[in-house]
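The values are calculated or read from the model by the stated rules, or taken from the named source; none is laboratory data. Worth saying up front: this structure is predicted, and the values here are computed from it rather than measured. Here the Cβ positions follow ideal geometry from the backbone for every residue, glycine too, while neighbour counts run over all protein chains shown.
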Amino acid sequence: MAKPNQTSPGRHFLQIPGPSNVPDRVLRAIDRPVIDHRGPEFADFALGLFQRLGPLFGTTSKIVIFPSSGTGAWEAAIANTLSPGDRILMFETGQFATLWRNVAVNIGLDVIWVEGDWRHGIDVADMEARLRDDKEHAIKAVMAVHNDTSTGTVSDIEAIRRAMDVASHPALLMVDTISSLASMPYTQDGWGVDVTIAASQKGLMLPPGLAFTGISEKALAAYQTATCPKAYFAWGPMLANNEKGFFPYTPATNLLYGLDEALTMLAEEGLENVFARHNRLAEATRRAVRGWGLEICCQDEDGYSNSVTAVLTPEGTDSDALRKIILENFNMSLGTGLGRMQGRQFRIGHVGDFNDLMLAGALSGIEMGLSLAGVPHKKGGITAALDYLTETAG
Ligand code: PLP
């Protein structure tokens with residue numbers, strides 16, 4: 001039996017939904033000497049970098065970069081705009097909505113938590129009704145996960161904005177785009193989002209370690225009165241330092257080099273093409289899953305994720321045993337089932353620096369693994385995916 005990872009010849013297949021594969025160009029860009037982060041060379045570099053982020057977020061507002069994982073930007077979004085005891089509205093779309101809720105609870109917010117079955121996006125009609133009922137405007141923010149990576153389910157942020165407008169509700173709209181930015185269409189300004197949260201390790205094709213926050217004018221105004229304690233993640237000192245190309249503390253210099261290169265790669269391909277590529281590879285993946293006779297976790301056809309497909313394994317099978325067999329035999333990592341989905345599903349990441357033959361290899365490993373693990377399935381998933389890739393090639 002082959003040994004996992006480093007000891008196997010050839011490349012490891014990293015098919016988790018982030019961290020995604022880091023392209024060689026980005027790795028090479030990171031592999032440079034660190035420079036003085038308080039010197040003129042750094043300032044010039046950082047100022048250029050800040051300017052290049054806007055189109056990706058679809059905003060002309062400020063975007064800050066924290067040396068942190070995405071969870072830090074969750075905390076920052078809350079701490080900078082809200083005060084202890086403030087009421088917020090959240091929908092349970094999966095594990096990541098749940099974890100963000102936990103951050104809000106720990107900070108001391110009053111969370112209205114609308115339970116869900118982890119197979120659908122946010123129920124926008126329900127949200128609108130709740131906002132209409134909130135005549136006193138006690139709800140200070142709606143917090144939504146655009147693409148819940150645990151279930152491969154996308155919520156319609158544009159429709160959420162419309163619902164908030166129809167209800168004439170002034171709450172802030174905060175959106176987690178950690179597994180959708182740079183892989184699915186998103187526009188902070190176009191959709192009237194106040195705070196956009198993102199991270200480096202998925203569509204941006206970077207290693208983990210950078211978190212981003214897009215901040216609208218309305219969010220900036222909320223910052224002036226928000227009383228949640230904050231220090232490391234405070235927007236004020238960050239924005240003041242960023243004006244001159246600096247950070248209030250030591251930035252992750254080499255990850256910023258990588259970011260610069262990743263932005264160049266995204267611009268070279270063109271964002272629309274990046275989105276189309278993700279859409280096509282995701283559709284091929286879904287055809288494979290259906291071909292195997294397995295069930296896609298997401299039950300909203302309009303809500304299928306283009307960065308991750310979560311696949312339910314049949315009753316009585318252990319999805320983690322399947323993942324283990326695939327890792328040991330084919331040197332491929334698939335995403336585990338998270339939270340209540342543990343043991344019940346595996347997740348195929350198709351995000352970032354990824355192409356047709358990488359997908360073909362990944363799906364082959366899964367089909368072989370299903371047989372080896374004795375998971376009941378039909379043959380033909382790969383053929384369905386390859387037929388689709390062939391039909392839509394070029
Ligand atoms: N939100 C989403 C949608 C995620 O997918 C993740 C991580 O995968 C997080 C938040 C948490 O980010 P991090 O693990 O970088 O702290």
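Brief remarks on what is shown
- Those residues of the range 157-186 which are touching a residue at least 24 places away in the same chain (Cβ under 8 Å), away from the ligand (no atom under 16 Å from the Cβ) and assigned to a loop (DSSP other than H, G, I, E, B), in sequence order: A167, H169, P170, A171, P185
- Count of the range 106-119 residues which are over 13 Å from S150 (Cβ atoms) and within 16 Å of the ligand (Cβ to nearest atom): 2
- Criterion: farther than 22 Å from N21 by Cβ and at pLDDT 95 or above - qualifying residue of E261, E243, E272: E243
- Taken as a whole, the condition of being out of contact with any helix residue (DSSP H, G or I) (no Cβ under 8 Å at 6 or more places or on another chain) and acidic (D, E) does not apply to E261.
- Close Cβ contacts (under 7 Å, 6 or more residues apart or on different chains) running from residues in the range 114-126 that are within 10 Å of I160 (Cβ to Cβ) to residues that are surrounded by fewer than 20 Cβ atoms within 10 Å (Cβ to Cβ) and not β-branched (V, I, T) comprise G121/D156; G121/D300; V124/D156; V124/A159.
- Meets criteria (buried (at least 17 other Cβ atoms within 10 Å of the Cβ), under 26 Å from N21 (Cα atoms) and not aromatic (F, W, Y)) for A310: yes
- Cβ-Cβ distances below 6 Å connect the following pairs, each with a first residue in the range 252-278 that is surrounded by 17 or more Cβ atoms within 10 Å (Cβ to Cβ), a second residue that is of a type in the set (S, T, Y) and not in a helix (DSSP H, G or I), and a separation of six or more residues or different chains: H278/S183.
Listed here are the residues, each with its yes/no results for (1) at pLDDT 95 or above; (2) more than 25 Å from the chain's Cα centre (by Cα); (3) within 20 Å of C297 (Cβ to Cβ).
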| site | (1), (2), (3) |
| --- | --- |
| I348 | yes, no, yes |
| A360 | yes, no, no |
| M368 | yes, yes, no |
| D387 | yes, yes, no |
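- Restricting the range 156-196 to residues that are of a type in the set (V, I, T) and surrounded by fewer than 24 Cβ atoms within 10 Å (Cβ to Cβ), the residue that is nearest to P207 (Cα to Cα) is T187.
- Among (1) aliphatic (A, V, I, L, M); (2) touching a residue at least 40 places away in the same chain (Cβ under 8 Å); (3) within 29 Å of A231 (Cα to Cα), the one test that L109 misses: (2)
- Of the residues making up the range 308-338, those that are touching a residue at least 60 places away in the same chain (Cβ under 8 Å) and part of a helix (DSSP H, G or I) are L327, E328, N329, F330.
- Flag for V375 being over 26 Å from Y186 (Cβ atoms), in contact with a Leu (Cβ under 9 Å, 6 or more places away or on another chain) and either outside any helix (DSSP H, G or I) or among the polar types (S, T, N, Q) (or both): yes
- For first residues located in the range 341-359 and free of Cβ contacts under 8 Å to residues at least 40 places away in the same chain, partners that are β-branched (V, I, T) and part of a strand (DSSP E or B) and lie 6+ apart or on another chain with Cβ distances below 6 Å form the pairs F346/V311.
- Out of A163, A141, one residue alone is hydrophobic (A, V, I, L, M, F, W, C) and over 19 Å from I215 (Cα atoms). It is A163.
- Among the residues of the range 189-235, those identified as assigned to a loop (DSSP other than H, G, I, E, B) and either within 14 Å of the ligand (Cβ to nearest atom) or under 13 Å from the mean Cα position of the chain (by Cα) (or both) are S200, Q201, K202, G203, L204, M205, L206, P207, P208, G209, F233.
- Among residues of the range 272-292, those that are touching a Pro at 6+ places or on another chain (Cβ under 8 Å) and either of a type in the set (D, E) or over 30 Å from G381 (Cβ atoms) (or both), counted: 0
- Listed conditions (1) more than 20 Å from A43 (Cα to Cα); (2) over 22 Å from the mean Cα position of the chain (by Cα); (3) of a type in the set (S, T, N, Q) are all met by N241, apart from (1).
- Matching residues, the range 66-105, being more than 13 Å from the ligand (Cβ to nearest atom) and of a type in the set (F, W, Y): F91
- R28 meets the conditions (1) of a type in the set (K, R); (2) within 14 Å of the ligand (Cβ to nearest atom); (3) out of contact with any strand residue (DSSP E or B) (no Cβ under 7 Å at 6 or more places or on another chain) in every case but one. The failed one is (2).
- Residue in the range 325-332 that is under 19 Å from the mean Cα position of the chain (by Cα) and more than 23 Å from M205 (Cα to Cα) present: no
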